[in-house]
Amino acid sequence: MVGLAGFNDDEIEDMLPWCAGRGFDLTLIETMPLGEVEEDRSDRYLPLDGVKRLLEGRFGLTPSFHRTGGPARYFDVDGLGMRLGFITPLTENFCAGCNRIRVAATGTVFGCLGRDQKVELREALREGGREAVNALLDRLLADKPKGHDFRIAAARPAVARHMSLTGG
Ligand code: SF4
């Protein structure tokens with residue numbers, strides 16, 4: 001659930017018992033300035049550190065060792081028998097531990113969600129085979145950015161590419 005100020009922030013508290021009642025966990029994520037959008041997205045930015053404090057007071061949260069392949073950090077929600085995850089690219093940056101690259105269906109491989117660094121595998125595979133692909137991937141990984149440059153209040157997005165092109 002992407003937390004959005006003035007849009008669904010008043011629904012988050014109710015979402016926990018709703019999810020718990022159906023056997024779901026819930027993960028909250030901060031909106032990221034990716035891709036051109038019509039609205040001024042800074043109005044919708046909801047820092048999750050404040051949300052976490054609120055939910056801690058309401059339900060009680062205990063840090064959990066649970067991990068998935070994703071960047072969420074989890075808490076057991078005391079009394080509800082569910083986990084609550086937080087993905088916080090802005091308030092608690094996790095780029096230092098990132099080992100992700102993303103492959104698009106066209107063979108483009110992006111080194112970082114928040115940067116334009118990429119290599120094109122399609123032609124390399126056709127012309128140079130596996131060795132050419134390996135060389136490109138080595139180059140991509142050697143140059144992988146240290147992290148994003150998300151600035152929520154900036155007039156322009158960090159990259160023009162929309163999230164839907166690369167996935168989460
Ligand atoms: S913004 Fe880039 S470096 Fe940071 S977690 Fe996402 S992909 Fe990794």
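All of the numbers you see were taken from the coordinates with simple rules; none came from a lab. Predicted, not measured: the structure shown is a model, and the values here were computed from it. No Cβ is skipped: glycine too gets one built from the backbone with ideal geometry, and neighbour counts run over all protein chains shown.
For region 67-107, residues that are among the charged types (D, E, K, R), within 10 Å of the ligand (Cβ to nearest atom) and in contact with a strand residue (DSSP E or B) (Cβ under 6 Å, 6 or more places away or on another chain) total 1. When the criteria are applied in full, Phe110 meets the requirement of being surrounded by 18 or more Cβ atoms within 10 Å (Cβ to Cβ), near the ligand (Cβ under 10 Å from one of its atoms) and more than 18 Å from Thr31 (Cβ to Cβ). The condition (being surrounded by fewer than 13 Cβ atoms within 10 Å (Cβ to Cβ), without any contact (Cβ under 8 Å) to a residue 60 or more places away in the chain and closer than 22 Å to Val51 by Cβ) is satisfied by just one residue among Arg130, Arg73, Arg67: Arg67.
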